[in-house]
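The values are calculated or read from the model by the stated rules, or taken from the named source; none is laboratory data. What you are looking at is a predicted structure, and each value in this text was computed from that prediction instead of being measured. Quick reminder, even Gly has a Cβ in these numbers, built from the backbone with ideal geometry, and neighbours come from all protein chains shown.
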């Protein structure tokens, strides 16, 4: 396999043929913010938080192939502003009440807001949807009020578990993640599924019953560092 | 009832669904055909029906539900035996649709959005159905009715109640008519100006006859030399597109015709499909020979279902004459065309979404790259062109590249069909050479007193009088064909609010900025309409629009803020006149009046602070 180089915010990055901008950046220890993308799952390009400027055009870094000698803008004030708008949209689309959410501190949406410096009430209206809770399953509950329709659970269940427990239904603002049956108890979902594991749902939508607040606030994932720190630490090594 | 499997279905319904699936070989890629047929026969897609369809096609139930819940013409609650879909486009509204809708509601005893208790009739709104030149218009099951009045609405409702079929509303002897007669009884063509390429008389089969004698490379060279560009709006070079597909190594290649003209105010393909269906099939066949394709799909928007029989008859006629099928023209050349009906989704006019829809999936755009010319339908090299583009291609093969290239002007060669509607005396279709001004087109259409023109529909550019000398071409005012005329009595903000509600309704929801951002834009315009906007809200509109344009995944999101941005630029006073600093001392963009509406409703009284006329 041949390779080439391109730059991200002026830093030269090596890439292999066929790699996406994000894949090459991850390997080089440069973090590009993302929510719907997850290592090991098919790239989707839906949340658009990984938007970068490449050759003057906006593209999703998770799906856009890297190109030789291209100059990619990642953490410029302009790109960060676009990303902050997108994260704000996700906050306002659902019902995200961090202080009472079990996922607080482990939540990628919350962590992304901190990383992008979303520090004050935003300009957008709250859509305040009213979505029913699904607590039918003995081990798992779904609170889709917190869902950001990233679809990571859909891909994890299909691609890793080989099950297809989840899927998208509806269109436009009514598009949401639903389950393959009348409710979750009606599906073959299991607590041991990768799709149900802590790392797949970026927010507090998929709830594993019986393990709430096992780790106290202050000692959680993003209490240790900004989201993306584990990728950026690769660079320092 | 077990809602997760076919066990909840009455035996006769299960049999009918099984027969529908069997009719398409239980092929999951024909999901849209299956769901359309189930909807037509059973009037809804029940959870149990989804379970049975899933098991027949080897998909999961959620995959079937994903498709069934995406398309507006498919329903997950029982609909009436007759569904009346009133066209809700802004042109229809201005032409009197609210009064027509009220007449239907009164005569049927139901509100828009409801189904009568006896299950006879459903009444609903639907976006532009491609009949703006004869608005107000409506679909009634598979037929369309135009030029509606409140009186006529009452008569129609009475006839339907008395047991008449929708077809009998068109003609008592409907089934004895030819498919072409059926179409033209329902819809006027309104051809106002016939140009040299498409709407003047065209010889039958002349382009294909020449193409059959040509080397495929030469066919593509001829199309490239003509300067033909895609007529759906994007304007990509047609010859180049064909060349890319031809150069991609593959066993199978696909030709798809995009007959999903959903841009509000566009209806020019409707006329070609009615009057030039053979020319269209000819153009697709020429493309197939040029790129080496053996399969074609004609994707017809669900709103044009009234043209289905006409097109099927034309395709069968061509098969009978050896112009489709195996060994076309006595050569080693096989090609056939399948008609694929849509089911109510504007987004399917987008190339990738259209391919998704042909594959039996929700109409979501695909990630680019790869582009369809290398990996399109089922991963095969695919050429997608608009109806008008294929028709021009057939004419170019007959008349020569030079003939076409000489028409129009630099960068925009040939003729173009414009569908003109709204406040003008002669709405209809005009075939004219590229390069004429908006003013010239308005003069032809009798729209001289226009105050605003939406060129290119909702996703196009709204211009004011001082720009009527601008030129209709790819380099200035590009349009897939839509030209909507508004006179000085129309409220610009009402038009913009409608167009934004259209985009909210039609966004596929895949990406964040288009799904959520357009809802925010629509809400913000609502504030302007109500006179509640602050001066800061103008900046808010521009800023939010910029984010949506820069971060959206496909053309819908990158153009949806255009009604706002082009009116902010060309009609600034409309906005400036409505804004005033908030007396509520509440931050900009927050609409306190809407926010407390729920509370007013629950308390059954107004707000002491925010309602000036408050009293206990």
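Could you please give the count of residues in the range A:141-159 that are surrounded by fewer than 23 Cβ atoms within 10 Å (Cβ to Cβ) and within 15 Å of residue A:191 (Cβ to Cβ)?
Result for the range A:141-159: 1.
Residues B:269, B:317: which one is surrounded by fewer than 23 Cβ atoms within 10 Å (Cβ to Cβ) and assigned to a helix (DSSP H, G or I)?
The match here is B:317.
Find the residue count for the range B:510-531, including only residues that are in a loop (DSSP other than H, G, I, E, B) and either surrounded by 19 or more Cβ atoms within 10 Å (Cβ to Cβ) or under 28 Å from the mean Cα position of the chain (by Cα) (or both).
Residues meeting the conditions: 2.
Please work out which one of (1) within 14 Å of chain B (Cβ to nearest Cβ); (2) free of Cβ contacts under 8 Å to residues at least 24 places away in the same chain is the condition residue A:47 fails and give its number.
(2)
Report, ordered by the first and then the second residue, all pairs with beta carbons closer than 9 Å, sequence separation of six or more or different chains, a first member in the range A:8-19 that is in contact (Cβ under 8 Å) with a residue 24 or more places away in the chain, and a second member that is exposed (fewer than 13 other Cβ atoms within 10 Å of the Cβ).
A:9/A:76; A:15/A:3; A:15/A:68; A:18/A:1; A:19/A:3
Return the only residue of B:598, B:537 being within 11 Å of chain A (Cβ to nearest Cβ), surrounded by fewer than 19 Cβ atoms within 10 Å (Cβ to Cβ) and on the phi < 0 side of the Ramachandran plot.
The match here is B:598.
Answer yes or no as to whether residue A:85 is within 14 Å of chain B (Cβ to nearest Cβ), under 30 Å from residue A:133 (Cβ atoms) and part of a loop (DSSP other than H, G, I, E, B).
no
Starting from residues that are assigned to a loop (DSSP other than H, G, I, E, B) and touching a strand residue (DSSP E or B) at 6+ places or on another chain (Cβ under 6 Å), keep the ones in the range A:2-47 and report whichever is surrounded by the most Cβ atoms within 10 Å (Cβ to Cβ).
Per the stated criteria, the residue is A:45.
Taking the range B:234-248 only, how many residues are touching a strand residue (DSSP E or B) at 6+ places or on another chain (Cβ under 8 Å) and either within 23 Å of residue B:347 (Cβ to Cβ) or in contact (Cβ under 8 Å) with a residue 40 or more places away in the chain (or both)?
Initially, the range B:234-248 is screened for residues touching a strand residue (DSSP E or B) at 6+ places or on another chain (Cβ under 8 Å), giving B:235-238, B:241-242, B:245.
Filter again for either within 23 Å of residue B:347 (Cβ to Cβ) or in contact (Cβ under 8 Å) with a residue 40 or more places away in the chain (or both), leaving B:235-236, B:238, B:241-242, B:245.
Going through the range B:234-248 one residue at a time, the tally reaches 6.
Please count how many residues of the range B:186-195 are outside any helix (DSSP H, G or I) and under 15 Å from residue B:305 (Cβ atoms).
So the answer is 1.
In the list A:28, A:54, A:14, which residue meets the criterion of being under 27 Å from residue A:160 (Cα atoms) and more than 12 Å from every other protein chain (Cβ to nearest Cβ)?
One residue alone meets the criteria, A:28.
Do you know which residues across the range B:443-465 are surrounded by fewer than 21 Cβ atoms within 10 Å (Cβ to Cβ) and part of a helix (DSSP H, G or I)?
The answer is B:443, B:444, B:465.
When both residues are 6+ apart or on different chains and their Cβ atoms are under 6 Å apart, which pairs have a first residue that lies in the range B:56-68 and is more than 7 Å from every other protein chain (Cβ to nearest Cβ), and a second that is assigned to a helix (DSSP H, G or I) and modelled with pLDDT of 95 or more?
Listed by first residue and then by second, the contacts come to B:56/B:21; B:57/B:28; B:59/B:28; B:64/B:50; B:64/B:53; B:64/B:54; B:67/B:31; B:68/B:35.
Determine which member of the set A:185, A:178, A:195 is modelled with pLDDT of 95 or more, within 14 Å of chain B (Cβ to nearest Cβ), outside any loop (DSSP other than H, G, I, E, B) and out of contact with any helix residue (DSSP H, G or I) (no Cβ under 7 Å at 6 or more places or on another chain).
So the residue among A:185, A:178, A:195 that is modelled with pLDDT of 95 or more, within 14 Å of chain B (Cβ to nearest Cβ), outside any loop (DSSP other than H, G, I, E, B) and out of contact with any helix residue (DSSP H, G or I) (no Cβ under 7 Å at 6 or more places or on another chain) is A:185.
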